[in-house]
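Only one structure is covered here, and it is reproduced in the block below.
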Amino acid sequence: MSHAAQFDRDARKKAFDLRHRAVINKATTTYSTTVAKTKAAFLDWEFGRQNIRQRKWEAINHLDRYLEEFEKNARERGTIVHYAKDAPHARTIVLDLCRAKNVRKLVKSKSMLTEEIHLNEFLEEHGVKPVETDLGEYIVQIRKEKPYHIVTPVMHLTKEDIDQTFHELLGSPLGSSAEDLTAIARKELRQEYLTADMGITGANFVVAETGMISLTENEGNARLSVSLPRIHVVICGIEKVIPKLSDIPNFIPMLAVSGTGQQVSCYNTLVGGPRQPGETDGPEEMHVIFLDNERSRVLANAEQREILHCIRCGACLNACPVFRTIGGHAYGTTYQGPIGSVLTPLLRGYPGWKHLSYGSSLCGACTQMCPANIHLHHHLLKNRRNAVNSGAGKWYEKILFIGWSMVMRCPFIYGFGNFFGRMGQKMMRLLRIEGTILDPAQNWSKTRAVGTIAGKSFHAWWRERQEVNGHYKTSRPESHS
Amino acid sequence: MGISMVQVLERLGHEVEFPMGQTCCGQPAFNTGYWKEAREVASFFVDVFSQADVIVAPSASCTAMVRNFYGELFRNHPKAAAAAAVSGKTFEFTEFLVKKLGITDLGARFEGTVTFHDGCHGRRELNLKEEPRKLLRAVKGLELREMGLCEQCCGFGGTFSVKFPDISTAMGEAKVGSIEETGAQYVSSCDPSCLMQIGGILTKRKSPIKTIYIAEILASR
């Protein structure tokens, strides 16, 4: 099944799933209320957005320079830097490290990039056990699902669902409270930590100036993944680099507010390298793997480069009425919602993925919420244009719009079309085919009533009025002067 | 709809001209990715309207297309300057009344409770929020009741509504749910296309709530 057909099928299934709608609406409504409250504490949120945009612009537009600066500074403190061209390359780097260091089990903090490269499945196939330590990701992992949302992986599950999952898979008693459930996961995970040989984390920001990694989280699981196992591996996209340490305090509150509505997330950690001589703790080795995976192609596209400014806060997903309707799984992608609908076709090609850019009403709620001020819905438009220009459009649409353009430039035929529409609607109603499969407009009329076209058009009203007033004008462009 | 807009403008003493040759601003093709065809039709639009002092549209969506997207559509095109001139003098109806003319009280009377839907193009492309509300609040007999999700998309989205009819309808249902919660008799908007979507779902549900384009309220006496 094509990606587009899968999207259609799964989206349709979720669209009228009222339980799903209620769960997601509750989550996004709570989110919106909390965000509005926290945002109100900002002196100037708009300034914050411009600020992020500026700093990210600088980073992305001089990415080559900052990547090298990071590499140099990180190396000085003993960090080993790798560059991976694509997903197989990145997976191989991780597996080679596991084999060289005899790693049988590793703990992971939340990282969408490892989802992008399907790292967990790959490691399992090769005899290395990855354990997700973020509570949401842990639940997703034991349920053998994909994250539903880039920030809130189990947004689609209620406390009762998780209780049921833990009961079935971990043998906990039914009816456990949220605190009990957390304690159960904590106990399971603590054992995994103690026996893990490697910790894998992502990076929210990578600081070129100091060769540091910045991690933002709420559970403390990321810093434990960094500090407990003997090897720490960071995997992140090349676009995560920012120039200066002083950029960090500008990003962290914006990320926290947009991500979860917190003023600041519970744990923000800067990691500056492996254990240094004379230090008593920390990993023996630290590796940073930068993944390209078609990001440099987006970087080369000046018009859409700003997509790389994204800080993965998930605000656009929460704001998106399409996401709220179809949920995160229907997209069939690593990144869901508006950012996913913009980014996936850019990274993975229009022929397979352009449908995501079309699956939006272009309402702009995403753009309004984006803390990096990325004009997401305008990029959907650009993706659509680029898809058509690259020949990935549908042949019948092309014919339709060529015909449409001809009619729209010929007012006489346009007027005739309006007349024909009136007649057509009367006929259809007479024959009772409105909303049936015989109805050419069934994609509208199956689920929605068709408004009755006014008996008399504005054109006709205007023409009669002009005739009565005695100053009828024809307003063809050439005579309208 | 268009008739009400003409009535309001003429009562204010403006001379209204309706170029009979007009058709479409080009948005359907533009939003679907067919910019060449969109440009052909938009170019025709520019020719038809270039002589006007001010262009007032009974749709925030069409206004946003002309004002915000013609620049991109006509980039490096011989008609760029003419298109920019047309963009600069195109206004959405309530925007024209409130922002350009500074009028909020039209002396209208309309008995009923009304909830207002902020169309996406009006709200987020043209940055309209208070303009239609100021006008509605000044209408005698009218009670304005805000809905919870007034800024959420109705799900229309042009060709989106027929390309993804199920997603579009489900989005509309969420919108209609919010409208129904207010207990209002009417739902109004600056965008007839949103009202077509909302109305389609209301009618299908046999709801007594009626859709009404804002100019129709403002023209009532």
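Looking at the stretch A:81-158, the trypsin sites (Lys or Arg not before Pro) that sit in a DSSP loop and have at most 15 other Cβ atoms within 10 Å of their own Cβ are A:LYS85, A:LYS101, A:ARG104, A:ARG143, A:LYS144. Across the stretch A:179-186, coupling constants 3J(HN,Hα) worked out from phi with the 6.51/-1.76/1.60 Karplus curve, θ = phi - 60°, read 5, 4, 4, 5, 5, 5, 4, 4 Hz, and Gly and Pro carry x. Charges were assigned to the Cβ only: +1 to each Lys and Arg, -1 to each Asp and Glu. The resulting dipole of the stretch A:164-233 about its Cα centre is roughly 200 debye. With a Förster radius of 30 Å applied to the C-beta separation of A:LEU270 and B:ASN127, the computed FRET efficiency comes to 0.15. Only Cα pairs under 8 Å and 6+ residues apart enter the sum, and on that basis the relative contact order of the stretch B:70-184 stands at 23 percent.
If you filter the stretch A:378-415 for trypsin sites (Lys or Arg not before Pro), then keep DSSP loop positions with at most 15 other Cβ within 10 Å, what is left? For trypsin sites (Lys or Arg not before Pro) across the stretch A:378-415 that sit outside H, G, I, E and B with at most 15 neighbouring Cβ atoms in 10 Å, the list reads A:LYS394. Residue by residue, the stretch A:159-174 carries 3J(HN,Hα) couplings of 4, 5, 4, 5, 4, 4, 4, 5, 4, 6, 9, 10, x, 7, x, 5 Hz when phi is fed to the Karplus relation 6.51 cos²θ - 1.76 cosθ + 1.60 (θ = phi - 60°); x denotes Gly or Pro.
Only lysines eight or more places from A:LYS108 in sequence, or on another chain, were considered; those with a Cα closer than 21 Å are A:LYS129, A:LYS144, A:LYS146, A:LYS187, A:LYS240.
What's the ranking of A:457-469, A:211-223, B:1-13 by average number of surrounding C-beta atoms within 10 Å, highest first?
Working: A:457-469: 13.9, A:211-223: 21.7, B:1-13: 16.7.
By packing density, highest mean first, the sequence is A:211-223, B:1-13, A:457-469.
Restricting attention to the stretch B:93-173, the count of lysine pairs at 8 or more positions apart or across chains with alpha carbons under 28 Å apart stands at 7. Once the Cα atoms are used to define both axes, helix B:2-11 deviates from the longest principal axis of chain B by about 90 degrees.
With K and R counted +1 and D and E -1, the other residues having a Cβ less than 11 Å from that of B:GLU173 yield a net charge of +3. Under a Gaussian network description of chain B, with springs only between Cα atoms under 10 Å, the residue in B:THR94, B:THR182, B:THR115 that fluctuates furthest is B:THR182. Within the listed set B:GLU111, B:GLU125, B:GLU15, the residue fluctuating most in the Gaussian network model of chain B (springs between alpha-carbon atoms under 10 angstrom) is B:GLU15.
Less than 5 angstrom separates the built amide H of A:ILE242 from those of A:VAL206, A:VAL207, A:ALA208, all sequence-distant by 5 or more or on a different chain. In terms of its C-alpha gyration tensor, the stretch A:126-201 comes out oblate, because a/c is 1.5 or above while a/b does not outweigh b/c. Distances between placed amide hydrogens fall under 5 Å for B:PHE91 paired with B:ILE55, B:VAL56, B:ALA57, all partners being 5 or more residues away or on another chain.
B:GLY119: net charge of surrounding residues, Cβ under 13 Å, Lys/Arg +1, Asp/Glu -1, itself excluded? It would help to have the intermediate numbers written out before the result.
On the way: positive: B:ARG123, B:ARG124, B:LYS129, B:LYS175; negative: B:GLU92, B:GLU95, B:ASP118, B:GLU125, B:GLU131, B:GLU151, B:ASP191.
Local charge sum for B:GLY119: -3.
Working note: 222 nm ellipticity from helices only, DSSP H runs with n ≥ 4, each -39,500 (n - 2.57), summed and divided by the residues of chain B, gives -12500 deg cm²/dmol to the nearest 500.
Taking amide H atoms as placed 1.01 Å from N in the peptide plane, the amide H of A:TYR83 lies under 5 Å from those of A:PHE290, each 5 or more residues away in sequence or on another chain.
Can you give the helix-only mean residue ellipticity at 222 nm for chain A, where every DSSP H stretch with n ≥ 4 adds -39500 (n - 2.57) and the sum goes over all residues, rounded to the nearest 500 deg cm²/dmol?
Calculated at 222 nm, the ellipticity per residue is -16500 deg cm²/dmol.
Direction-averaged projected area, Cα convex hull, chain A: 30.1 nm², rounded to one decimal.
Fewest Cβ neighbours within 10 Å first, please rank B:ILE214, A:ILE238, B:ILE103 accordingly. Before the final figure, lay out each step's value.
Details: B:ILE214 28, A:ILE238 21, B:ILE103 15.
Least to most surrounded, the residues fall as B:ILE103, A:ILE238, B:ILE214.
Couplings for the stretch B:174-191, taken from phi via the Karplus curve 6.51 cos²θ - 1.76 cosθ + 1.60 with θ = phi - 60°, read 4, 4, 4, x, 5, 5, 4, 4, 6, x, 6, 8, 10, 10, 10, 6, 8, 10 Hz in order; Gly and Pro are left as x. For chain A, averaging the sequence separation of C-alpha pairs within contact (under 8 Å, six or more residues apart) and dividing by the residue count gives a relative contact order of 19 percent. For chain A, the longest principal axis of the C-alpha atoms and the axis of helix A:63-76 are separated by about 10°.
Using alpha carbons only, the radius of gyration of the stretch B:105-218 set against its Kirkwood radius gives Rg/Rh = 0.96. Between helix A:395-408 and chain A there is an angle of about 40 degrees, using the helix long axis and the longest principal axis of the Cα atoms. Placing a label point 7 Å from the Cα of B:VAL54 along the Cα-to-Cβ direction, the residues of the stretch B:13-41 whose backbone N falls under 13 Å of that point are B:13-17.
Placing unit charges on each Cβ (+1 for Lys and Arg, -1 for Asp and Glu) gives the stretch B:105-218 a dipole about its Cα centre, and among B:THR211, B:HIS121, B:PHE164 the Cα reaching farthest toward its positive end belongs to B:THR211. Oblate is the label for chain B, because a/c, from the alpha-carbon gyration tensor with a ≥ b ≥ c as root eigenvalues, is 1.5 or above and a/b does not exceed b/c.
For the stretch A:6-61, chymotrypsin sites (Phe, Trp or Tyr not before Pro) are listed when DSSP marks them as loop and at most 15 other Cβ atoms sit within 10 Å of their Cβ; the list is A:PHE16, A:PHE42.
According to the square roots a ≥ b ≥ c of the eigenvalues of the Cα gyration tensor, what is the shape class of the stretch A:395-479, taking rounded for a/c under 1.5, prolate for a/b larger than b/c otherwise, and oblate for the remainder? Because a/c hits 1.5 or more and a/b fails to exceed b/c, the stretch A:395-479 counts as oblate.
Every read-out reported here was derived from the displayed coordinates using simple, explicitly stated rules and does not represent laboratory data. In this text the structure is predicted, and so the values were computed from the model without any measurement. For neighbour counting, all protein chains shown are included, and Cβ atoms are generated from backbone atoms with ideal geometry for every residue, glycine included.
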